[in-house]
Amino acid sequence: MGLRESAPMTEESARQLNPLQLAYIGDTVWDLLIRTRLLYRGRNLRHMHQDAVARVNAAAQAAALRRLEGGFTPAEEDILRRGRNAHARHPVPKHQDPADYSAATALEALIGYLYVTGQEERLLQLFELSQQEDDSCK
């Protein structure tokens, strides 16, 4: 068995989830990808934590999404739209721009969707592309 408790969901089943549910898991997957990248780059723990905090926030995720614009399938665009339009029952966190927070939720929803449907190759492809211009983890 891999990281999942069961087989990946069908795309149809995943589309039935609330986009905030997809963002919930997508946030964790994004964090894991960032932290794994930092670990493999041989950073010490303090620098890894500082870099992770700088990369796992609404502004950084919104910037990552902007770097990916124009490269999504219609199904991915639909998930992004749903994620962008989803409204949590809490206000935008302090010091976060509402537009960035909305874009970050969209990205997290897409990452969550790709993860739960077992599309790891596509997920990793998008992650790598999103990190190309902002790769200060070297």
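The values are calculated or read from the model by the stated rules, or taken from the named source; none is laboratory data. Just so it is clear, the structure is predicted and the values come from calculations on it, not from any experiment. Positions of Cβ are generated from backbone atoms using ideal geometry, with glycine treated the same way; all protein chains shown enter the neighbour counts.
Can you confirm whether the stretch 82-97 contains a residue that is over 27 Å from residue 7 (Cα atoms) and assigned to a helix (DSSP H, G or I)? Steps first, answer last, please.
Residues of the stretch 82-97 that are over 27 Å from residue 7 (Cα atoms), as a first pass: 84-85, 87-97.
In the following step, the residues that additionally are assigned to a helix (DSSP H, G or I) were identified as 84-85.
Looking for residues that are over 27 Å from residue 7 (Cα atoms) and assigned to a helix (DSSP H, G or I), one finds at least one in the stretch 82-97, hence yes.
Within the stretch 36-57, is even one residue closer than 23 Å to residue 18 by Cβ and under 12 Å from the mean Cα position of the chain (by Cα)?
Step one: list which residues in the stretch 36-57 are closer than 23 Å to residue 18 by Cβ, which gives 56-57.
From the residues that got through so far, the ones that are under 12 Å from the mean Cα position of the chain (by Cα) too are 56-57.
Yes; the residues of the stretch 36-57 include at least one that is closer than 23 Å to residue 18 by Cβ and under 12 Å from the mean Cα position of the chain (by Cα).
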Residues satisfying the stated conditions in the stretch 13-33, i.e. modelled with pLDDT of 95 or more and in contact with a helix residue (DSSP H, G or I) (Cβ under 6 Å, 6 or more places away or on another chain): 19, 22, 23, 25, 26, 27, 29, 30, 33
Residue in the stretch 34-54 that is within 26 Å of residue 15 (Cβ to Cβ), surrounded by fewer than 13 Cβ atoms within 10 Å (Cβ to Cβ) and modelled with pLDDT of 90 or more present: no
Options 37, 66: the member that is within 20 Å of residue 124 (Cα to Cα) and in contact with a Cys (Cβ under 6 Å, 6 or more places away or on another chain): 37
Residue within the stretch 106-125 that is closer than 30 Å to residue 6 by Cα, at pLDDT below 95, aliphatic (A, V, I, L, M) and surrounded by 13 or more Cβ atoms within 10 Å (Cβ to Cβ) present: no
Residue within the stretch 83-96 that is modelled with pLDDT of 90 or more, under 14 Å from the mean Cα position of the chain (by Cα), buried (at least 20 other Cβ atoms within 10 Å of the Cβ) and closer than 17 Å to residue 12 by Cα present: yes
